[in-house]
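A.B. asks: This is the structure I have questions about; it appears just below.
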Amino acid sequence: MQVLQSIKELKAFRESLGAQSVGLVPTMGALHKGHLSLISESSRHNAHTIVSVFVNPTQFGQNEDLSTYPRTLEQDLALCENLGVSAVFAPSVEEMYASDDEIAILPPKMMGYVLEGFDRPTHFAGVLQVVIKLFMLTRPHKAYFGKKDAQQVLIVQKMIRDLHLPLEIVACPIVRDDDGLALSSRNVYLSAQERESALCIPRTIERIESAINQGVLETKELENLARQTLDSSKSLTPIHIFYAYFCDHSLAPIARIKRGESLFLLAVRVGRTRLLDNLWC
Ligand code: AMP
């Protein structure tokens, strides 16, 4: 496995692969089983998998956790090597952003500024800025993203369509820990007590899923059920609901679930940690 730190090395490596199929898995490192599932999916369908490990400063807001974000590169490299990854691209910030006043791509007006984008208005522009660079440098046939970050994968898919970029985005299922909590590099911030409280999140997802399976399709009713479940969970730690929202794949609100075309998006703060979960329904 190659470990590449410069753009020059990455370009030369990509050149050496020629026409063989390439899958890209963009990450911010601190790899867990969620990331590993994307890597495995890429390895199954491509001759080569490139994993990027880059804590992208442009997608963090001013008061966010850029400086404390977990960094575990040695461990990440060992995990990638075990999975047969062809190359890990782990550049410095200076390597990725040569200028501090670069061209950037704005996300769509609604999709980029609701939900996560409402509280974090510069977030998706930062994501698109780094993702398009990674696409240009690695020229993948397919790029793998998690459904865990539903808004992110939908916005990236829209960029592919709007800019006619020649690759396919593969959206992979959410991987959960044994207790049901969706895996996230940020889960390490949770104390044992906060983690216990956070379990009301997967419980809510499960309850919404089974209500839908029983034929409850009105989103008002489902939203009430979600809020009741979150409120009634005997939390040891106070939790704050940022949103519990039903929408279609353009993130427009919906009054009724249309099977296969709807989403339930949930963002909750437990202690000081913002946690996301969702259901593609
Ligand atoms: P991150 O390192 O948090 O930027 O995540 C890199 C990629 O892994 C993104 O496409 C995420 O959506 C995906 N991902 C993160 N957590 C999970 C999870 N629990 N299950 C599936 N994919 C995930």
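A.B. asks: What residue among MET28, TYR69, VAL156 has its Cα farthest toward the positive end of the dipole of the chain, where the charges are +1 on Lys, Arg and -1 on Asp, Glu, each on the Cβ?
C.D. replies: VAL156
A.B. asks: Using a 1.4 angstrom probe on the protein heavy atoms only, could you order ASP119, ASP277 from most to least accessible area?
C.D. replies: From most exposed to least exposed: ASP119, ASP277.
A.B. asks: Just to be sure I understand: with springs between alpha-carbon atoms less than 10 Å apart, which residue in ALA198, ALA47, ALA87 has the highest mean-square fluctuation in the Gaussian network model of the chain?
C.D. replies: It is ALA47.
A.B. asks: Just by accessible area at a 1.4 angstrom probe, what is the order of THR58, THR122 from largest to smallest?
C.D. replies: The ordering from most to least exposed comes out as THR122, THR58.
A.B. asks: For a Förster distance of 25 Å, can you work out the FRET efficiency between the beta-carbons of THR122 and ARG186, rounded to the nearest 0.05?
C.D. replies: 0.85
A.B. asks: Using alpha carbon coordinates only, what is the Rg to Rh ratio of region 217-275, with Rh defined as the Kirkwood radius? Before the final figure, lay out each step's value.
C.D. replies: Numbers: Rg = 12.7 Å, Rh = 12.4 Å.
Value, to two decimals: 1.03.
A.B. asks: I'd like the Karplus ³J(HN,Hα) series for region 21-27: coefficients 6.51, -1.76, 1.60, θ = phi - 60°, whole numbers in Hz, and an x wherever there's a Gly or Pro.
C.D. replies: After applying 6.51 cos²θ - 1.76 cosθ + 1.60, I find 6, 10, x, 10, 10, x, 9 Hz.
A.B. asks: Can you find, among CYS80, LEU263, PHE242, the residue sitting farthest towards the positive end of the charge dipole of the chain, where Lys and Arg contribute +1 and Asp and Glu -1 at Cβ?
C.D. replies: It is LEU263, whose Cα lies furthest towards the positive end.
A.B. asks: What are the ³J(HN,Hα) values, in whole Hz, obtained from phi via the Karplus relation 6.51 cos²θ - 1.76 cosθ + 1.60 with θ = phi - 60°, for each residue of region 96-111 in sequence order, with x given for Gly and Pro?
C.D. replies: Karplus-based 3J(HN,Hα) across region 96-111 equals 6, 10, 5, 10, 9, 9, 9, 4, 10, 10, 8, x, x, 4, 8, 4 Hz.
A.B. asks: Applying a 10 Å radius around every beta-carbon, put 104-110, 171-177, 32-38 in order of their mean neighbour count, most first.
C.D. replies: Going by the mean number of other Cβ atoms within 10 Å, highest first, we get 32-38, 171-177, 104-110.
A.B. asks: Right, next: Given the options GLY146, GLY61, GLY23, which has the most mean-square fluctuation in a GNM of the chain, springs set between C-alpha atoms less than 10 angstrom apart?
C.D. replies: Maximum among the listed residues: GLY61.
A.B. asks: How large a share of the accessible area of region 125-281, in percent, is made up of carbon and sulfur atoms when the probe is 1.4 Å and the other protein chains stay in place?
C.D. replies: Roughly 50 percent, rounded to a whole number.
A.B. asks: Taking only the alpha carbons of region 58-116, what extent do you get along each of the three principal axes, in Å, biggest first?
C.D. replies: 41, 29, 24
A.B. asks: Hey, what do the phi angles of region 84-90 turn into as Karplus ³J(HN,Hα) couplings, whole Hz, using 6.51/-1.76/1.60 and θ = phi - 60°, x for Gly and Pro?
C.D. replies: x, 5, 7, 8, 10, 9, 10
A.B. asks: Counting heavy atoms of the protein chains only and a 1.4 Å probe, report the per residue accessible area for the chain as a whole number of Å².
C.D. replies: On a per-residue basis, 49 Å².
A.B. asks: With a/c under 1.5 counting as rounded, go ahead and sort region 128-264 into rounded, prolate or oblate using the C-alpha gyration tensor (a ≥ b ≥ c being the square roots of the eigenvalues; past the cut-off, prolate if a/b is larger than b/c, else oblate).
C.D. replies: Cα axes put region 128-264 in the oblate bin.
A.B. asks: Given a Förster radius of 22 Å and the C-beta distance between GLU261 and ARG44 as r, what FRET efficiency does 1/(1 + (r/R0)^6) yield to the nearest 0.05?
C.D. replies: Approximately 0.25, to the nearest 0.05.
A.B. asks: Could you state how much accessible area ARG161 has, in square angstrom rounded to the nearest 10, with a 1.4 Å probe and all protein chains kept in place?
C.D. replies: 150
A.B. asks: Here's a follow-up. Based on the alpha-carbon gyration tensor of the chain, what equivalent-ellipsoid semi-axes (square roots of 5 times the eigenvalues) come out, in whole Å, largest first?
C.D. replies: 32, 20, 19
A.B. asks: Follow-up. Taking the chain as a Gaussian network, Cα atoms linked when under 10 Å apart, which of GLY18, GLY271, GLY126 shows the biggest mean-square fluctuation?
C.D. replies: Of the options given, GLY18 has the highest mean-square fluctuation.
A.B. asks: Could you give the nm distance between label points at SER16 and ARG227, where each point is 7 Å from its Cα heading toward the beta carbon?
C.D. replies: The answer from the label model is 5.8 nm.
A.B. asks: Using the beta-carbon distance between LYS109 and LEU167 and R0 = 25 Å, what value does 1/(1 + (r/R0)^6) give for FRET efficiency, to the nearest 0.05? Intermediate results must be reported in sequence, preceding the final value.
C.D. replies: Details: r = 24 Å, r/R0 = 0.97.
Computed FRET efficiency for LYS109 and LEU167 comes out at 0.55.
A.B. asks: Which percentage, to the nearest 5, of the DSSP beta bridges contained in the chain is antiparallel?
C.D. replies: Counting DSSP beta bridges with both partners in the chain, the antiparallel share is about 50 percent.
The values are calculated or read from the model by the stated rules, or taken from the named source; none is laboratory data. Computed from a prediction, not measured in an experiment: that's the story for all the values here. We place every Cβ from the backbone using ideal geometry, glycine too, and count neighbours over all the protein chains shown. These area figures cover heavy atoms from the full protein model, side chains too; ligands, DNA and RNA do not enter into them. Shrake-Rupley method; radii C 1.70, N 1.55, O 1.52, S 1.80 Å.
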